[in-house]
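The values are calculated or read from the model by the stated rules, or taken from the named source; none is laboratory data. Just so it is clear, the structure is predicted and the values come from calculations on it, not from any experiment. When we count neighbours, we look across all protein chains shown, and the Cβ atoms used for this are built from the backbone with ideal geometry, even at glycine. Protein only, heavy atoms only, side chains kept; ligands, DNA and RNA dropped before computing areas. Shrake-Rupley method; radii C 1.70, N 1.55, O 1.52, S 1.80 Å.
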Amino acid sequence: MSNKITLSVIKADIGGFVGHSSVRPELMEKANECLAKAEFLEDFHVTHVGDDLNLIMTHRLGEENQQVHQLAWNTFLACTEIAKKMKLYGAGQDLLADAFSGNVKGMGPGVAEMEFEERKSEPVIVFAADKTEPGAWNFPLYKIFADPFNTIGLVIDPKMHEGFLFEVHDLRENKKVVFSLPEELYDLLVFIGAPGRFAVKSVYKKDGTIAATSSTQKLNFLAGKYVGKDDPVCIVRCQSGLPAVGEVLEPFANPHLVSGWMRGSHSGPLMPVSVKHSNPTRFDGPPRVIGLGFQIAEGKLIGPQDFFEDVAYDKAREKANEIANYMRSLGPFEPHRLNLDEMEYTTMPGVLNKLKDRFADIDDSSDEVAAAKE
Ligand code: F6R
Ligand code: MG
Ligand code: MG
C-alpha cells in the first residue's frame, strides 16, 4: 500500500444555533453517521468552530478526489435537511450550487487538503476559525514559517535554516505567485499584509514537501454578492525539520486583528479558544480560532488534542477581550468597521445605492441648506 496519505478538511456553515453562533449536536451526529459509512476513509473527526461544521478526513485517494468531495457534499446536504426541519438559522447557507459537479471547490464549502508521505511520526494541527476570512492565516503562517522571533528553529535547526516557499493567491484576480523565503521576505509582505485580497494558500519546504495549506475560497467572489464570510481552515505539519508544535501555536498568543466580525463588516481580535468555547456571542464574535492536534498513524487520526483549552492561552483571551472592548468603542467608524473596498462585499452597497441620487456637485448652490434658508 502507498504510504501516501491525504488529509482533507472540508467545512461549511449549513445552519446556526442560535443565529450564527453554533452547530447543533444533531448535525454533528448526522455528519459522524455519514462519514462512518464511507469505507474509503481511513479515519475522520467531526468538529465545529462557531456555526461552521468541519469534516476532518484521512484517505488514500489524493487531493480533489471526487468521491471524497461528493461524500462531504452529501454529508452537508443530509445535515441541511435536519437544519431545515429545526429551522436553524441560515440552513444550507454555504451550499451555493443546486447539484454536485465533481468538486466542492467553488460550490460554497471551504477546503484545505494535503497529500504527503506519512513520516515516522506525523504530528499535524488543524486550525479552524469563525467570523473571519482566509487571509486571517497570513499573519500566523508568516510568523510560523518566516519569523525567527517566533520560530527559533529557523535559526538553530539546520533542517529549517534554508527557509520555506510561500504560495500566495490573489483571490480577486484568481492568480498565484510563489515567494522563496527568507530571500524574498519583503516582496511577500507587500502582498500578504493585505489579507482581504491576498492569502497564503500553502507553504512548502525548499524541496517541495508540503508543510501547510489553507482554504482560500471566497464565497462573495463566487456568488457575486454578499453571502457571509468564508470562515477558513488551515492544516500545518509539525516537527522534524518543520516548525515545532509550540512554534506553530505561538502566533496565537498575540491576537491579531482580522476581518469578519458582525455582518462580515468589522475588524476584531482573533481569540484562541477550545472547541467548547468557540461559539461567538458578543457582537456575533469576537472572531475565534480553534487548534486541534493529531498524530497520524497509518492514516488513523490519533486525537484530537484541543490545544487552546490550555491555561497558557488565558492571557491571549484576556488581551483579545481588551482589544474587543477598544474596537467596539469605535462603533461604526473605521478601522473597526471595514474600509469601503471591503464593504463592497457586504450588504452595504444596497444602502449606498439608495442614497446615490442625493449627491450634488460640491459647487452646486441649490442644495437642501440653500432651500432651508429661503
Ligand atoms: C458574521 C455573521 C453575522 C451575521 C449577522 C447578520 O460573519 O455571520 O454577524 O452577519 O448576524 O445576519 P443576518 O443578515 O443573517 O441577519
Ligand atoms: Mg452562519
Ligand atoms: Mg461561521
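Label separation (MET86 vs LYS4): 3.9 nm, computed from points 7 Å beyond Cα along the C-beta direction. Taking one quarter of the surface of the C-alpha convex hull of region 268-317 gives a mean projected area of 4.0 nm². Once backbone amide H atoms are built at 1.01 Å from N, ASN279 has GLY50 as its partners under 5 Å, excluding neighbours fewer than 5 places away on the same chain. Subtracting the Cα-Cα distance of ASP157 and SER329 from their residue separation scaled by 0.36 nm leaves 57.5 nm. The packing ranking, built from the mean of other Cβ atoms within 10 Å per residue, places the peptides 314-322, 26-34 in the order 26-34, 314-322, highest first.
Taken over region 81-238, the alpha-carbon convex hull comes to 145 cubic angstrom per residue. The HN-Hα couplings worked out from phi for region 294-303 by the Karplus form 6.51 cos²θ - 1.76 cosθ + 1.60 (θ = phi - 60°) are 9, 9, 8, 10, 6, x, 7, 8, 7, x Hz, whole numbers, x standing for Gly and Pro.
Estimated from helices alone, the mean residue ellipticity of the chain at 222 nm is -7500 deg cm²/dmol (sum of -39500 (n - 2.57) over DSSP H runs with n ≥ 4, per residue).
Given the peptides 197-207, 341-351, 275-285, arrange them by the average over their residues of other C-beta atoms within 10 Å, most packed first.
Values: 197-207: 20.2, 341-351: 15.4, 275-285: 18.5.
Going by the mean number of other Cβ atoms within 10 Å, highest first, we get 197-207, 275-285, 341-351.
Karplus-derived 3J(HN,Hα) values for region 285-292, using 6.51 cos²θ - 1.76 cosθ + 1.60 with θ = phi - 60°, are x, x, x, 10, 9, 10, x, 10 Hz; glycine and proline are entered as x. For trypsin sites (Lys or Arg not before Pro), the sites in region 40-104 that DSSP calls loop and that have at most 13 other Cβ atoms within 10 Å are LYS87.
Would you please classify the overall shape of region 1-124 from the alpha carbon gyration tensor, given that a ≥ b ≥ c denote the square roots of the eigenvalues, rounded means a/c under 1.5, and beyond that prolate means a/b larger than b/c while oblate covers the rest? Prolate, because a/c is 1.5 or more and a/b exceeds b/c.
Calculate the FRET efficiency for PHE359 and SER121 from the Cβ-Cβ distance with a Förster distance of 56 Å, rounded to the nearest 0.05.
On the way: r = 63 Å, r/R0 = 1.13.
Once the sixth-power term is evaluated, E becomes 0.30.
For region 306-374, taking Cα atoms only, Rg and Dmax work out to 21.5, 69 Å respectively. Sequence-ordered 3J(HN,Hα) estimates for region 326-333 from the Karplus curve with 6.51, -1.76 and 1.60 and θ = phi - 60° stand at 5, 4, 4, 5, 7, x, x, 9 Hz, glycine and proline given as x. Stretched out straight at 0.36 nm per residue, the stretch from LYS276 to GLU368 would grow longer than its current Cα-Cα span by 27.7 nm.
Send over a whole-number figure in Å² for the accessible area per residue of the chain, probe 1.4 Å. Walk me through the intermediate numbers first.
On the way: 17270 Å² over 374 residues.
Each residue of the chain exposes 46 Å² on average to a 1.4 Å probe.
Amide H to amide H, with H built 1.01 Å from N, GLY90 comes under 5 Å of GLY16, counting only residues 5 or more places away or on other chains. For the chain, the spherically averaged projection of the C-alpha convex hull amounts to 21.7 nm².
Remark: for residue pairs LYS120/LYS315; LYS201/LYS229; LYS105/LYS205; LYS225/LYS354; LYS11/LYS201, the C-alpha separation exceeds 27 Å in LYS120/LYS315. A protection proxy built from the mean count of other Cβ atoms within 10 Å ranks the segments 40-46, 7-13, most packed first, as 7-13, 40-46.
Among GLU81, GLU118, GLU39, whose mean-square fluctuation peaks in a Gaussian network model of the chain (Cα, cutoff 10 Å)? Comparing GLU81, GLU118, GLU39 in a Gaussian network model of the chain, the most mobile one is GLU39.
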